Amino acid sequence: MSIGSLDALSAYGRAAGVAPLARGPGIGGPSGTAAPVAGGFGQLVQDMVGDASSSLKAAETASAKQIAGKGDLIDVVTAMGAAEVALDTVVAVRDRVVNAYSDIMRMQI
């Protein structure tokens with residue numbers, strides 16, 4: 001079973017919660033234009049950065065509660081782990097975007 005690029009793009013859109021592309025005439029649909037995408041990649045990255053920021057703030061709050069003697073250590077460890085994963089994800093996406101941009105800039109026209 002082969003997965004085409006349009007199928008992968010549709011799966012990515014469903015996972016990101018954006019509108020799927022309209023299929024063109026050669027692909028089984030009546031029109032050759034794409035449906036308007038709600039948000040797009042920029043909105044996805046912005047949401048990811050916002051989620052990472054809120055995770056970091058939650059970890060900071062949990063640490064402050066623990067220092068004050070009102071929090072539980074397991075909550076601090078869990079919040080720090082979630083913040084680390086969110087930050088690692090944002091950094092990985094950033095690195096991929098920079099690499100893709102570099103590859104595009106190296107292409108000969």
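Give the residues of region 65-80 that are of a type in the set (Gly, Ala, Ser) and under 22 Å from residue 52 (Cα atoms), sorted by residue number.
71, 79
Is it the case that residue 17 is surrounded by fewer than 14 Cβ atoms within 10 Å (Cβ to Cβ) and modelled with pLDDT of 60 or more?
Yes, satisfied.
Given (1) among the β-branched types (Val, Ile, Thr); (2) at pLDDT 90 or above; (3) loosely packed, with under 14 Cβ neighbours inside 10 Å, where does residue 109 come up short, assuming only one miss?
All conditions are met except number (2).
Condition first: of a type in the set (Val, Ile, Thr) and either exposed (fewer than 13 other Cβ atoms within 10 Å of the Cβ) or not assigned by TED's automatic domain parsing to the domain that holds residue 89 (or both). Now tell me which residues in region 51-77 satisfy that.
Scanning region 51-77 gives 67, 74.
The values are calculated or read from the model by the stated rules, or taken from the named source; none is laboratory data. Model, not experiment: these values are computed from the prediction. Every residue, glycine as well, gets a Cβ built from its backbone with ideal geometry; the counts of neighbours run over all protein chains shown.
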